[in-house]
1. Please work out if residue 39 is surrounded by fewer than 14 Cβ atoms within 10 Å (Cβ to Cβ), β-branched (Val, Ile, Thr) and over 15 Å from residue 83 (Cα atoms).
2. Would you confirm, using the coordinates I've provided, whether residue 58 is closer than 17 Å to residue 10 by Cβ, small (Gly, Ala, Ser), in contact (Cβ under 8 Å) with a residue 40 or more places away in the chain and in a helix (DSSP H, G or I)?
3. Restricting to region 3-22, and then to whatever is acidic (Asp, Glu) and more than 14 Å from the chain's Cα centre (by Cα), can you tell me which residue is surrounded by the fewest Cβ atoms within 10 Å (Cβ to Cβ)?
4. For residue 90, all conditions in the list (1) exposed (fewer than 14 other Cβ atoms within 10 Å of the Cβ); (2) at pLDDT below 95; (3) part of a helix (DSSP H, G or I) hold save one; what is the number of the exception?
5. Take residue 27 and decide whether it is among the hydrophobic types (A, V, I, L, M, F, W, C), over 14 Å from the mean Cα position of the chain (by Cα) and modelled with pLDDT of 95 or more.
6. Kindly establish whether residue 75 is touching a His at 6+ places or on another chain (Cβ under 8 Å) and at pLDDT 95 or above.
Amino acid sequence: MTALDTNVLVRIITNDDRAQAARAATFLREQERVFIPKTVLLELEWVLRSAYRTEPRAVVSAFRDILSVSNVEIEDEAAVTHAIEWHERGMDFADALHVASAGRERKFATFDNRLRRKVRRLGLGELAEI
């Protein structure tokens, strides 16, 4: 199994370099299985948002497209799926992935009051008091 880097996904999603996008898409189709670490998805959201000015709705759509590819395995797919859903509901993707990765069986500690309010409002788990 081959793990993909962020730039491979960026080429496919943005088609900003047509030759590399075609090579990346062909490569993905030809692989029996590919693995995408959740850190790659974290970086992908940041690149799409900051470098390409992609709207959150389009980022969520791209993530869902990635999850639907039959030969793709996502690290900690349940946490990633939760993070995508929470991002769609207005939470920063990185924060959502942090909270989802911590799991409901753990309290989440942060000084970020905005994050604390979103976790409470969305009912995403317990917060630790620092």
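1. Values: surrounded by fewer than 14 Cβ atoms within 10 Å (Cβ to Cβ): yes; β-branched (Val, Ile, Thr): yes; over 15 Å from residue 83 (Cα atoms): no.
The answer is no for residue 39.
2. Working: closer than 17 Å to residue 10 by Cβ: yes; small (Gly, Ala, Ser): yes; in contact (Cβ under 8 Å) with a residue 40 or more places away in the chain: no; in a helix (DSSP H, G or I): yes.
Answer is no for this residue.
3. Quick first cut of region 3-22, residues acidic (Asp, Glu) only: 5, 16-17.
From the residues that got through so far, the ones that are more than 14 Å from the chain's Cα centre (by Cα) too are 16-17.
Working: 16: 11, 17: 13.
Here the answer is 16.
4. Of (1) exposed (fewer than 14 other Cβ atoms within 10 Å of the Cβ); (2) at pLDDT below 95; (3) part of a helix (DSSP H, G or I), only one is false for residue 90: (3).
5. Numbers: among the hydrophobic types (A, V, I, L, M, F, W, C): yes; over 14 Å from the mean Cα position of the chain (by Cα): yes; modelled with pLDDT of 95 or more: yes.
For residue 27, the condition - among the hydrophobic types (A, V, I, L, M, F, W, C), over 14 Å from the mean Cα position of the chain (by Cα) and modelled with pLDDT of 95 or more - is met.
6. Details: touching a His at 6+ places or on another chain (Cβ under 8 Å): no; at pLDDT 95 or above: yes.
So residue 75 does not fit the description; no.
One line per residue, one yes/no per condition, for (1) out of contact with any helix residue (DSSP H, G or I) (no Cβ under 8 Å at 6 or more places or on another chain); (2) crowded, with 16+ Cβ neighbours inside 10 Å; (3) under 28 Å from residue 16 (Cβ atoms):
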residue	(1), (2), (3)
55	yes, no, yes
73	yes, no, yes
77	no, no, yes
113	yes, no, no
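The values are calculated or read from the model by the stated rules, or taken from the named source; none is laboratory data. These numbers were taken from a predicted model, which means no experiment stands behind them. Backbone-built Cβ (ideal geometry, glycine too); neighbour counts: all protein chains shown.
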